[in-house]
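S.K.: Got a structure for you, questions after.
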Amino acid sequence: YVAAVYEHESILSPNPTALVDRQSALELMGRNLDIYEQQVVAAARQGAQIIVFPEDGIHGFNFTRSSIYPYLDFVLHSHSVKWNPCREPYLFNDTEVLQRLSCMALKNKIFLVANLGTKQPCEHTDPHCPSDGRYQFNTNVAFDDDGMLVATYRKHNLYFEYAFDTPPEPDYKLFDTPFAGKFGMFTCFDILFFEPAVNLIRQYNVKQVVYPTAWMNQLPLLSAVEFQQAFATAFNINVLAANIHHPTLGMTGSGIYTPVKSFIYHNMESYGGKLIVAEIPVIATDYETNLEKTLSRVSEKGNEQLPLFYAEMMYDNFTFVPVWGEKGELRVCANTLCCYLNYRRAVLTDELYALGVFDGLHTVHGTYYVQACALVKCGGLSFSTCGQEVTDATALIDFQLWGNMSTSYIFPLLLTSGITLDFADHRGWKNNHYFISKNRTSSGLLTAALYGRWYEKD
């Protein structure tokens with residue numbers, strides 16, 4: 001099927017904490033919706049059957065609970081009401097944004113997924129009801145090609161979003177398409193947690209995911225395109241990911257991902273939005289990961305003479321060993337996790353690489369348990385630069401990287417120079433170890449990592 005995602009540079013309110021009236025809010029959102037409309041037309045012209053827009057793309061961000069109120073549409077989160085906002089605009093008040101989105105889908109005969117702020121009055125008899133008598137949700141909406149509202153999803157894992165409420169229960173939201181079957185949806189930070197993202201995929205056997213996000217890139221392990229691809233690869237699914245474009249805030253990185261191919265956009269240099277359209281296969285059945293390569297065992301004595309050192313990476317204290325010379329076998333451990341690396345370099349460059357391990361609770365900007373084995377390019381030649389954000393590299397490295405992970409949820413990361421992506425040649429489980437291997441990356445290696453999420457220990 002043909003899918004489209006739009007990385008949108010949103011027109012932002014100059015003062016998001018100021019209180020404005022509904023008319024002014026609609027005016028600002030209308031300017032963003034005008035751009036959406038042009039992109040829907042462009043995508044439909046290229047044969048797209050579905051288009052996905054980013055999180056916060058219509059209203060922007062940095063609101064307070066009260067200042068965002070005029071920007072919120074009313075949405076009934078109920079399966080029982082069938083509603084086409086374009087054809088039946090009079091059914092509910094404060095649905096101008098939904099009406100415009102619905103009409104775009106209808107006019108262009110395209111499935112459309114967008115993110116907006118929504119409100120829902122609640123009774124004080126509801127124990128979860130906020131004191132101001134209303135819920136405010138960060139919401140994804142999906143419309144079919146007739147403009148019918150077919151699914152609404154309320155973001156569960158809020159990322160310092162004080163304007164919004166967490167829904168009382170996680171939403172598991174799916175919608176059906178004639179061209180690719182069921183799609184699941186969740187938003188941004190949700191991708192790092194078991195509920196609802198992983199549970200949705202497992203319980204409903206979802207093979208296609210739409211993913212609006214407003215993601216601030218963090219190298220070396222959590223760049224948007226890097227983790228989006230790892231997620232598609234780990235679960236053997238297609239992911240349609242639309243990010244916001246604000247390079248000054250470190251926000252860029254969208255793509256259409258299959259388990260074996262990625263169509264991505266990552267641009268920290270220029271301004272303006274970007275439409276990605278790609279034809280991708282519908283994923284029907286699970287295929288077995290190809291494991292004909294055997295892993296050679298790193299001897300316990302592998303790196304006795306190498307210095308262990310500690311450095312901060314992604315706000316976590318990693319234990320590292322340097323990756324020196326043209327080839328070698330390394331091992332580094334922390335807590336219960338041991339990471340192993342076999343490597344060979346085509347040409348020796350004057351770049352320092354290191355193999356790092358972390359097995360513990362990550363506590364900055366969210367709390368979650370990580371088990372990671374990471375081969376990274378350091379920022380400079382001293383050990384203290386390992387873990388820094390690096391975007392360029394020249395070293396071409398053949399490697400096998402493996403670890404005795406305690407969780408089955410492992411995201412294989414493979415990031416190359418200029419924030420481009422590559423795929424492992426082989427990956428999977430062997431003898432209670434998870435591994436990835438690669439002969440010769442397409443360009444210089446920035447990061448090769450196994451990013452494990454041990455959800456039970458969050």
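S.K.: Give me, ordered by chain and number, the residues 5 or more places off Asp425 or on other chains with an amide H under 5 Å from its own placed amide H.
M.R.: Amide H neighbours of Asp425: Ser437, Lys438, Asn439.
S.K.: Check each of the chymotrypsin sites (Phe, Trp or Tyr not before Pro) in the stretch 124-208 and keep only those in coil by DSSP with at most 13 other C-beta atoms within 10 angstrom; list them in order. Working shown, then result.
M.R.: On the way: sites: Tyr135, Phe137, Phe143, Tyr153, Tyr159, Phe160, Tyr162, Phe164, Tyr172, Phe175, Phe179, Phe183, Phe186, Phe189, Phe193, Phe194, Tyr204; in loops: Tyr159, Phe160, Tyr162, Phe164, Tyr172, Phe179, Phe186, Phe193.
Loop-located and lightly packed - Phe160, Tyr162, Phe179.
S.K.: For the chain, which whole percent of the accessible surface, found with a 1.4 angstrom probe, sits on carbon and sulfur atoms? It would help to have the intermediate numbers written out before the result.
M.R.: On the way: 9170 of 18070 Å².
C and S fraction of accessible area: 51 percent.
S.K.: Moving on. At a Förster distance of 51 Å, what's the computed FRET efficiency of Glu169 paired with Arg344, Cβ-Cβ distance as r, to 0.05? All intermediate terms of the calculation are to be shown ahead of the outcome.
M.R.: Numbers: r = 51 Å, r/R0 = 1.00.
Calculated value: 0.50.
S.K.: Where only protein heavy atoms count, and the probe is 1.4 Å, what is the accessible area per residue for the stretch 309-457 in Å²?
M.R.: Values: 5470 Å² over 149 residues.
Result: 37 Å² per residue.
S.K.: Please list, in chain and number order, the residues 5+ apart from Thr319 or on another chain whose amide H is under 5 Å from its amide H, with Hs placed from the backbone.
M.R.: Those lying under 5 Å, H to H, from Thr319 are Val357.
S.K.: Using the Karplus curve 6.51 cos²θ - 1.76 cosθ + 1.60 with θ = phi - 60°, work out ³J(HN,Hα) for each residue of the stretch 442-447 in order, rounded to whole Hz, and write x for Gly and Pro.
M.R.: My calculation for the stretch 442-447 gives 5, 8, x, 7, 9, 8 Hz in order.
S.K.: Would you mind checking the stretch 358-380 for residues with the amide N under 12 Å from a putative spin-label position 7 Å along Cα→C-beta of Arg202?
M.R.: Counting backbone N atoms under 12 Å from the label point, the list is empty.
S.K.: Could you list, by residue number, the cysteines of the chain that have no other cysteine's beta carbon within less than 4.7 Å of their beta carbon?
M.R.: Cys188
S.K.: Non-local amide H neighbours of Cys338 (under 5 Å, H modeled in plane, Pro and chain starts lacking H): which ones?
M.R.: Asn404
S.K.: Here's something else I'd like to know. For Arg87 and Ala18, FRET efficiency with R0 = 30 Å and r from the beta-carbon atoms, rounded to 0.05? List each step's numbers first, then the result.
M.R.: Values: r = 35 Å, r/R0 = 1.17.
Rounded to the nearest 0.05, the efficiency is 0.30.
S.K.: For the stretch 2-279, what is the accessible area per residue in Å² when the probe is 1.4 Å?
M.R.: Details: 10230 Å² over 278 residues.
That works out to 37 Å² per residue.
S.K.: Next question. Using a Förster radius of 30 Å, what is the FRET efficiency between Trp429 and Asn335 based on their Cβ-Cβ separation? Nearest 0.05, please. Provide the component values of the computation, followed by the final result.
M.R.: Values: r = 20 Å, r/R0 = 0.67.
So, using R0 = 30 Å, E works out to roughly 0.90.
S.K.: Rounded to whole Hz and in sequence order, give me ³J(HN,Hα) for the stretch 354-364 from the Karplus expression 6.51 cos²θ - 1.76 cosθ + 1.60, θ = phi - 60°, writing x for Gly and Pro.
M.R.: Karplus values, whole Hz, x for Gly and Pro: 9, 9, x, 9, 9, 9, x, 8, 7, 10, 9.
S.K.: Follow-up. What's the angle, to the nearest 10 degrees (0 to 90), between helix 96-108's Cα axis and the longest principal axis of the chain?
M.R.: It is inclined by approximately 80 degrees.
S.K.: Once you mark the GluC sites (Glu not before Pro) that are in a DSSP loop and have at most 15 other Cβ atoms within 10 Å, what is the longest gap between them in the chain?
M.R.: Details: sites that count: Glu123, Glu269, Glu288, Glu292, Glu300, Glu304, Glu326, Glu389.
Result for the longest clean stretch: 124-268.
S.K.: With a cap of 11 neighbouring Cβ atoms within 10 Å, and only residues DSSP puts in a loop, list the trypsin sites (Lys or Arg not before Pro) found in the stretch 78-175. Can you show the working numbers first?
M.R.: Working: sites: Lys82, Arg87, Arg100, Lys107, Lys109, Lys119, Arg134, Arg154, Lys155, Lys173; in loops: Lys82, Arg87, Lys109, Lys155, Lys173.
Of the trypsin sites (Lys or Arg not before Pro), the ones in loops of the stretch 78-175 whose Cβ has at most 11 other Cβ atoms within 10 Å are Lys82.
S.K.: Pop a pseudo-label 7 angstrom from the Cα along the beta-carbon direction at both Asn267 and Ser408 and give the gap in nm to one decimal.
M.R.: 4.1
S.K.: In whole Hz, what ³J(HN,Hα) sequence does the stretch 264-272 give by Karplus (6.51, -1.76, 1.60; θ = phi - 60°), x for Gly and Pro?
M.R.: 10, 9, 9, 8, 9, 9, 10, 10, x
S.K.: At 222 nm, what value in deg cm²/dmol follows for the chain if DSSP H runs of at least 4 each add -39500 (n - 2.57) and the sum is divided by all its residues, to the nearest 500? Before the final figure, lay out each step's value.
M.R.: Values: 4 runs with 55 residues, N = 458.
Taking each H run of at least 4 residues, the total per residue is -4000 deg cm²/dmol.
S.K.: OK, next. Roughly what would the spin-label model give for Ala284 and Asn317, points 7 Å off Cα along C-beta, in nm?
M.R.: 5.3
The values are calculated or read from the model by the stated rules, or taken from the named source; none is laboratory data. No experiment lies behind these values; they were computed from the predicted model shown. Glycine gets a Cβ as well: all are built from the backbone with ideal geometry, and neighbour counts include every protein chain shown. Please note that ligands, DNA and RNA were not included when accessible areas were found on the heavy atoms of the full protein model with its side chains. Shrake-Rupley method; radii C 1.70, N 1.55, O 1.52, S 1.80 Å.
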